[in-house]
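What follows is a single structure, written as structure tokens, with notes after it.
The values are calculated or read from the model by the stated rules, or taken from the named source; none is laboratory data. Everything quoted here is computed from the prediction, not taken from an experiment. Because the Cβ atoms are built from the backbone with ideal geometry, glycine has one as well, and the counts that use them run over all protein chains shown.
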Amino acid sequence: MAPETPTPSTLPKAELHVHIEGALEPELTFDRARRNGIALPYAGVEDLRGRYDFSDLQSFLDLYYTGMNVLRQAEDFTALADDYLARAARQGVRHAEIFFDPQAHTTRGVSLGTVLDGLEASLSSSRERFGVSTGLIACFLRDRGPEEAERMLDELLEHSHRIIGVGLDSAELGHPPADFANVFARAREAGLHLVAHAGEEGPAEYVWQALDVLGVERVDHGIRAIDDEELVKRLARDRMPLTVCPLSNVRLRCVDTLSQHCLPRLVDAGVRTTINSDDPSYFGGHVGDNFEAIEHELGFGVPELRELALNSVEAAFLSESERDRLRGEVHSG
Ligand SMILES: [Zn+2]
């Protein structure tokens, strides 16, 4: 139940950039490891939590892929999604477009069907149980290359009614969006929405490629766009949404401190920015925690925070009636 006067963290909002595998809390990691008879290389929950001190994207990804190895059965994915949705709902999330990484599971012998069955068992009743509507976006692991992505897309298209779109994530440097031009063209033809991580650690050039080569409808992160004045103008002119993840950017050392984050400059330039958690269990909080952090560290006031929440509703892949309903909730929340 939402409090009568929402705080910045409980303001109604949509979350558009959250990796479900990144919502795996240490407690659930140990719980699932026990159920699946998997030995973990950690002394316990606190030991694991203590290792969440990353130097860059790659050092995070190493731990991330070790952790998700406890996800074997459909019910593991159901428990993971339930845990995320319960936490997100407490932080004002009313709609979540949730990323998952099919290749991170299929390459270790867990089928796409198992992953989808498990996630859907949670998401199908998330509106009733948590007050959160949902959609799934399958991301390609860019560091595994375009050929494997093509094969993954073949498989995804057999389940295309179960996802709303495709994305591109994982280690960015050296893996430009343009490599995936054909994969994204095929996904578009199949009627799927398109998003891609670009300009997180990679250069502004990767954001141009995401826009002009892949034809994405949202750019995930996109903060390096700030290095390119023409690109910022283009994003603002086209009302192209960026799914910015402030606490993640600090934890992965994309920026040194939150107070140096380019978010205020992007907002001032008229870029449609949204606030998201990315990998909430690893990066110091859910989306509401990110709202609180930018309030405290960057001086965003309630009207600006409400504007960012509204941006998330405008940028979501929703029907117009659903969007209207959510707009109303943000305005009155
Ligand atoms: Zn991400």
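If the condition is being in contact with a Gly (Cβ under 6 Å, 6 or more places away or on another chain) and within 15 Å of the ligand (Cβ to nearest atom), then region 171-193 contributes GLU172, LEU173. The set of residues in region 99-149 being in contact with a Lys or Arg (Cβ under 8 Å, 6 or more places away or on another chain) and within 16 Å of the ligand (Cβ to nearest atom) consists of GLN103, LEU136.
Of all positions in region 284-297, at least one carries a residue that is of a type outside the set (Asp, Glu), at positive phi, within 16 Å of the ligand (Cβ to nearest atom) and surrounded by fewer than 24 Cβ atoms within 10 Å (Cβ to Cβ).
Rundown of residues vs (1) of a type in the set (A, V, I, L, M, F, W, C); (2) more than 30 Å from ARG323 (Cβ to Cβ); (3) within 16 Å of the ligand (Cβ to nearest atom); (4) over 17 Å from the mean Cα position of the chain (by Cα), yes/no style:
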| residue | (1), (2), (3), (4) |
| --- | --- |
| SER55 | no, yes, no, yes |
| SER59 | no, yes, yes, yes |
| LEU63 | yes, yes, yes, yes |
| THR66 | no, yes, no, yes |
| ALA79 | yes, yes, no, yes |
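Every residue, every condition in (1) within 18 Å of HIS17 (Cα to Cα); (2) modelled with pLDDT of 95 or more, yes or no:
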position: ALA225; (1), (2): yes, yes
position: LYS233; (1), (2): no, yes
position: ARG237; (1), (2): no, yes
position: PRO241; (1), (2): yes, yes
position: VAL244; (1), (2): yes, yes
position: LEU247; (1), (2): yes, yes
position: LEU252; (1), (2): yes, no
position: VAL255; (1), (2): no, no
position: LEU258; (1), (2): no, yes
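Residues in region 252-280 that are part of a helix (DSSP H, G or I) and surrounded by fewer than 23 Cβ atoms within 10 Å (Cβ to Cβ) were compared, and the one that is farthest from the ligand (Cβ to nearest atom) is ASP268. Within region 44-58, the set of residues being part of a helix (DSSP H, G or I), closer than 13 Å to PHE283 by Cβ and not basic (Lys, Arg) comprises LEU57 only. Taking the criterion of being within 16 Å of the ligand (Cβ to nearest atom) and within 12 Å of PHE100 (Cβ to Cβ), the residues of region 150-170 that qualify are GLY165, VAL166, GLY167, ASP169.
Taken as a whole, the condition of being more than 16 Å from the ligand (Cβ to nearest atom), of a type in the set (D, E, K, R), surrounded by fewer than 18 Cβ atoms within 10 Å (Cβ to Cβ) and not in a loop (DSSP other than H, G, I, E, B) applies to ASP212. For the residues ASP76, ASP169, ASP117, the requirement of being over 27 Å from ALA309 (Cβ atoms), of a type outside the set (A, V, I, L, M, F, W, C) and touching a Leu at 6+ places or on another chain (Cβ under 9 Å) singles out ASP76.
Of all residues in region 64-98, those being assigned to a helix (DSSP H, G or I) and either crowded, with 16+ Cβ neighbours inside 10 Å or modelled with pLDDT of 90 or more (or both) number 23.
Is one or more of the residues making up region 201-208 surrounded by fewer than 24 Cβ atoms within 10 Å (Cβ to Cβ), modelled with pLDDT of 95 or more and within 16 Å of the ligand (Cβ to nearest atom)? Yes; the residues of region 201-208 include at least one that is surrounded by fewer than 24 Cβ atoms within 10 Å (Cβ to Cβ), modelled with pLDDT of 95 or more and within 16 Å of the ligand (Cβ to nearest atom).
Looking across region 99-129 at every residue that is hydrophobic (A, V, I, L, M, F, W, C) and either within 19 Å of the chain's Cα centre (by Cα) or under 19 Å from GLU150 (Cβ atoms) (or both), the one that is surrounded by the fewest Cβ atoms within 10 Å (Cβ to Cβ) is identified as LEU112. Among the residues making up region 138-154, a single one is crowded, with 22+ Cβ neighbours inside 10 Å and in contact with a His (Cβ under 7 Å, 6 or more places away or on another chain): ARG142.
Could you check region 178-209 and list, in sequence order, the residues that are of a type in the set (A, V, I, L, M), over 22 Å from LEU57 (Cβ atoms) and part of a helix (DSSP H, G or I)? Passing the criteria: ALA181, ALA185, ALA187.
Scanning region 22-62 for residues that are among the hydroxyl-bearing types (Ser, Thr, Tyr) and either modelled with pLDDT of 95 or more or within 21 Å of ASP83 (Cβ to Cβ) (or both) yields THR29, TYR42, TYR52.
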